[in-house]
Every structure is written in structure tokens, then in C-alpha cells.
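What follows is a set of notes on a single structure, which appears directly below.
The values are calculated or read from the model by the stated rules, or taken from the named source; none is laboratory data. Keep in mind it's a predicted model, so treat the numbers as computed, not measured. We place every Cβ from the backbone using ideal geometry, glycine too, and count neighbours over all the protein chains shown.
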Amino acid sequence: MTDIWFQALGSGIAALGDYLWAHVLTCLIPAFFIAGAMVALLPKEIITKRLGSKVPIYKAYPLAVGAALFLAVCSCTILPLFAGIKKKGAGIGPAIAFLYTAPATNVLAVTLTGSVIGWDFAFFRIILSVSFAILIGIIISRLFREEEKKEEKELASDHVKVPKNHYKKLLMFFVTLFTILIVGAAGIRLDVKAGGMLALIAFLVLQLRLGFTKDEIHNWLNETKMFFKMIFPLLLVGVFAAGVLTALIPENFLGTYVGTNTLLPTLAAVLFGVFMYFPTLVEVPMAKMFLGLGMAKGPLLAYLLADPVISLPTILVVRKIMGGQRTLVYVLLIILFTTISGLLYGSLVS
């Protein structure tokens, strides 16, 4: 028994090391800087007029989903961006749609799913994930309308006024920041990635020197630090715990318990996906491996829908951002929708 716990501890430490090496420097830190810039520099009206709670559903949700489709980031890297648009005035519904879509349905994830597992899986993945993102956002915004009204009042007097002639400057600044994030998350050669990021950072520094005041830069760095202190420790705890759980799950678990297209196997696959953490796009080769080990196609689709969207680290951070009740509903809706989808798909292919 002691050996098992030592192995679990080692697995947690290894997961933490892999996460710090592969994601923090090139993905998570750029996301923190983007979130800080959203709050410190971006005019509030830009967010509230497009993603605010009073914006019609047919405008706000397609924009939130469409913006997220091009961000190939994991469920952890999207968190600072979610926190940033939420703090800047986005309605909880569109913010959740953005949070859900980026790791679930980005272009790279869907393409990889089609090439590795099959285009039927890729089709169901994108249709169902986009549908779930919008539905879950709408449900939570309706259930917690009073909480959102209180948040809107608190934000009413909290925005930075930026002259209109600064919009072009801000556009170039944010394009550079997002390009750094995209390059950092891309699966390209390390030397190419490093060279590209260094060039982009140099261009960013030039923009700061020529176009921003010391107060603006100071506010940006302060907001970035605030997001880092709020989110990063919880991510470390969650990644370590997920690594420990991975070591404690029996090796033959998948082949033994999720080999049929029935309720319990499908729910087990969903719960595995909900609490485990894997970097972005890793869920696809993992799903391919699970299929080879005997996982039925219904549970496999359910796992593929759940795993990229949420994890134990994500749950800890989302609770910090939007409260325990809304987070609980968010997690339960993900479990419900992905389980039902797996059962329906399993009944079609069995």
C-alpha cells in the first residue's frame, strides 16, 4: 500500500513538472498578460457592447464561440482569458461559451480528431461542443440572473477610459499578444518557436515604449500579477492532484469497465475526463489509445467531449472566478450533456 502512495506522489510531481515545462512559459504566462491587458487597457464598452449580458443571444454567443475556435489552448490556459473578459464586463453566458469552446472545439483539435480517430467523431465533436457551449451559457445566465445583476452594478463604475485615437494602437497590441500565445501553444520545433516568440516580444516592447504611458504599463503589470496570484496556485494544486489520481486508477480500468455502450461505462468515461488533466490535443491520441484498449465508441465520444473542456485544476479556478454554485451547475451540466451524447451515439453505432 505504501508503494502505491509513493508511486502516486511521484506521478503527481511528474505531472507538475511536465505542466511547468510544457505550458507555463509559452502558454499560460502569455495568457496572464492578455488577461491583464484586457482589464487595464481595453475600454469596457468594447466588451459590454459585444459580449455583455444585455447583448442579444444571436450576437453575443456566436462571437464568443467564433473567437474561441481559433485558440488552440487547453482548459487551463483559457482560464486567465475567461477571467479577463468576465471582469471587463462580459455576461456570464457568453463568457462560459468562450471558456467551453476554446479547448473543446478549436480548429486544430477538430482536424486532429478527424485524421486520427475518424471524421464522424470530428463532426459530432464540433457540433455537440458548440451546442453545449451555447446551451450551458444560456442556462447558467438564466439561473443566476440576480448574481449577474449585482456584478454589473459593481462593474458600472470600474472602467478605464481610452481615447478613440488609441484604438488602432490597442488593436496592434492585442494582435501581438495573441500571436505570442498562438505561437507558444503551437506544436512546432522548439528553435522556431523560441525565435518567433523572441521576435514578437521585441516588437511588443517597441510598442510599449512608443505608444503607452508609464501608468498604463504599470496598471497592466499589476492586473497581470493579480490574475497570476489568483489562478496559478490553484492550477498547481489541481495538476498535482490529477497526477496522483492518474497513478491510482488501475491499468485495466478502461478495458474492464467502459467496454459497452451503456450508462455506467459512459458515465465512468465522462467522470474520468472531467477530473483528469491532459494538455491540449493530447486527448485525441489518448482517445485513440482507449479505443485500442477496448473502450466502446459511446463512452469514447463522451470522454472526448468532456476531457478537453474541464479538469480538476479548471474546477478549482472557475470556482474562484464565478463562485461555487455556478461552478457546480457548470460541472453537472457538462457531465449530463456529455453522458447523454455518448449514450445516443453508442446506440447509433452498436
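For the range 292-323, which positions are more than 15 Å from the chain's Cα centre (by Cα) and not in a helix (DSSP H, G or I)?
Scanning the range 292-323 gives L293, G294, M295, A296, G323.
Please find, within the range 300-316, the residue that is nearest to D120 (Cα to Cα) out of those that are modelled with pLDDT of 90 or more and surrounded by fewer than 24 Cβ atoms within 10 Å (Cβ to Cβ).
That would be I315.
Would you pick out the residues in the range 292-337 that are β-branched (V, I, T) and under 19 Å from L112 (Cβ atoms)? Walk me through how you get there before you give the answer.
Keep residues of the range 292-337 that are β-branched (V, I, T), which gives 309-310, 314-315, 317-318, 321, 327, 329, 331, 334-335.
Once the filter is applied, which keeps residues that are β-branched (V, I, T) and under 19 Å from L112 (Cβ atoms), the range 292-337 yields only V309.
Go through (1) outside any helix (DSSP H, G or I); (2) modelled with pLDDT under 85; (3) under 27 Å from E146 (Cβ atoms) for V55 and report which single condition fails.
Looking at each condition in turn, V55 falls short on (2).
From the list A122, A90, A133, pick out the single residue that is out of contact with any Gly (no Cβ under 7 Å at 6 or more places or on another chain) and among the small types (G, A, S). Talk me through it step by step, then tell me what you get.
On the way: A122 fails: out of contact with any Gly (no Cβ under 7 Å at 6 or more places or on another chain); A90 fails: out of contact with any Gly (no Cβ under 7 Å at 6 or more places or on another chain).
So the residue among A122, A90, A133 that is out of contact with any Gly (no Cβ under 7 Å at 6 or more places or on another chain) and among the small types (G, A, S) is A133.
Which one of these is touching a residue at least 40 places away in the same chain (Cβ under 8 Å) and either more than 26 Å from A241 (Cβ to Cβ) or buried (at least 18 other Cβ atoms within 10 Å of the Cβ) (or both): L63, L79, L9? Give the derivation first.
Numbers: L63 fails: touching a residue at least 40 places away in the same chain (Cβ under 8 Å); L9 fails: either more than 26 Å from A241 (Cβ to Cβ) or buried (at least 18 other Cβ atoms within 10 Å of the Cβ) (or both).
Exactly one residue qualifies, and that residue is L79.
Just checking, which of V258, V309, V270 is under 17 Å from L235 (Cα atoms), out of contact with any Cys (no Cβ under 6 Å at 6 or more places or on another chain), touching a residue at least 12 places away in the same chain (Cβ under 8 Å) and hydrophobic (A, V, I, L, M, F, W, C)?
Numbers: V258 fails: under 17 Å from L235 (Cα atoms); V270 fails: under 17 Å from L235 (Cα atoms).
After ruling out the rest, the residue left standing is V309.
Among the residues of the range 78-115, write down those that are part of a loop (DSSP other than H, G, I, E, B) and modelled with pLDDT of 80 or more. Break it down stepwise before answering.
Taking the range 78-115 as the starting set, the residues that turn out to be part of a loop (DSSP other than H, G, I, E, B) are 88-91, 106.
Result: K88, G89, A90, G91.
Tell me yes or no: at least one residue of the range 41-57 is surrounded by 24 or more Cβ atoms within 10 Å (Cβ to Cβ), in contact with a Phe, Trp or Tyr (Cβ under 6 Å, 6 or more places away or on another chain) and in contact (Cβ under 8 Å) with a residue 24 or more places away in the chain. Before the answer, list the steps.
Keep residues of the range 41-57 that are surrounded by 24 or more Cβ atoms within 10 Å (Cβ to Cβ), which gives 47, 51.
With in contact with a Phe, Trp or Tyr (Cβ under 6 Å, 6 or more places away or on another chain) added as a condition, the list becomes none.
No, because not a single residue in the range 41-57 is surrounded by 24 or more Cβ atoms within 10 Å (Cβ to Cβ), in contact with a Phe, Trp or Tyr (Cβ under 6 Å, 6 or more places away or on another chain) and in contact (Cβ under 8 Å) with a residue 24 or more places away in the chain.
For (1) in a helix (DSSP H, G or I); (2) under 17 Å from the mean Cα position of the chain (by Cα); (3) at pLDDT below 80, each residue gets a yes or a no:
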| site | (1), (2), (3) |
| --- | --- |
| K229 | yes, no, no |
| L234 | yes, yes, no |
| A241 | yes, no, yes |
| E251 | no, no, yes |
| L254 | yes, no, yes |
| L264 | yes, no, no |
| L271 | yes, no, no |
| Y277 | no, yes, yes |
| F290 | yes, no, yes |
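Working carefully through the options G187, G196, find the one that is part of a helix (DSSP H, G or I) and not aliphatic (A, V, I, L, M). Can you show your working first?
Details: G187 fails: part of a helix (DSSP H, G or I).
None of the others qualify; the one that does is G196.
Among all residue pairs at least 6 apart or on different chains, which show Cβ distances below 8 Å where the first residue, located in the range 323-343, is under 18 Å from L267 (Cβ atoms) and the second is polar (S, T, N, Q) and surrounded by fewer than 20 Cβ atoms within 10 Å (Cβ to Cβ)?
L343/T262
For the list (1) under 25 Å from the mean Cα position of the chain (by Cα); (2) modelled with pLDDT of 90 or more; (3) aromatic (F, W, Y), I need the number of the one condition that F212 fails.
Just one mismatch for F212, condition (1).
Anything in the range 116-142 that is in contact with a helix residue (DSSP H, G or I) (Cβ under 7 Å, 6 or more places away or on another chain) and assigned to a loop (DSSP other than H, G, I, E, B)? List them, or say none.
Scanning the range 116-142 gives a single hit, I117.
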